[in-house]
Amino acid sequence: MAEKKIKLLQYAVARSGRLVIDHIGSGVGIMLYSPSHRIGAGIHALAPRSSGIVSRNPIMYANTAVPFIIKAFQEEGATSPFSVAIAGGAGLLNNETSLDSGRKMVAAVRDALDGADLTIKIDKTGGTKVRSIILDIDAGKIKII
């Protein structure tokens, strides 16, 4: 089975195999799956909001990453409903500043997904744990570890 690893500030869209976002810490990994079209998409964003900053990489900020990946997903033929999973937003230094930074990141992702009328089905965010999201497109299953 083919496996595509999505690194920080990257994205991927696939029709088969597995998409994997490893080492999600203070950023947030977002995985989308269209069961009716068996297409998956994943993205690993790093910061909450661009606040008007124009980045060369739209994946940098949650508020630009979510519309970007939805558009790329739809260009591949995916249509709703989508299964959505998010993980990350961890406070890796286990102090209030680090935890607050993670909360802001998660809030920005939730706001962007809500603005796109997408409901999160699997949410493992916050805390101090580094996580991974695995989408098995062929089986239609998303797992967060």
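Since every read-out is calculated from the coordinates, none of them should be taken as a lab result. Small disclaimer: the values here were computed from a predicted structure and weren't measured. Because the Cβ atoms are built from the backbone with ideal geometry, glycine has one as well, and the counts that use them run over all protein chains shown.
Some notes on this structure:
- Positions within the stretch 17-54 being in contact with a strand residue (DSSP E or B) (Cβ under 9 Å, 6 or more places away or on another chain), of a type in the set (Ser, Thr, Tyr) and exposed (fewer than 14 other Cβ atoms within 10 Å of the Cβ), in sequence order: SER51
- Positions within the stretch 62-79 being touching a Leu at 6+ places or on another chain (Cβ under 8 Å) and either under 24 Å from VAL130 (Cβ atoms) or of a type in the set (S, T, N, Q) (or both), in sequence order: VAL66, ILE69
- Restricted to strands (runs of 3 or more DSSP E) entirely inside the stretch 15-59, those with at least 1 residues that are within 22 Å of ALA87 (Cβ to Cβ) and among the basic types (Lys, Arg) are 18-24.
- Residues that are under 17 Å from ALA45 (Cα atoms) and hydroxyl-bearing (Ser, Thr, Tyr), drawn from the stretch 108-143: THR125, SER132
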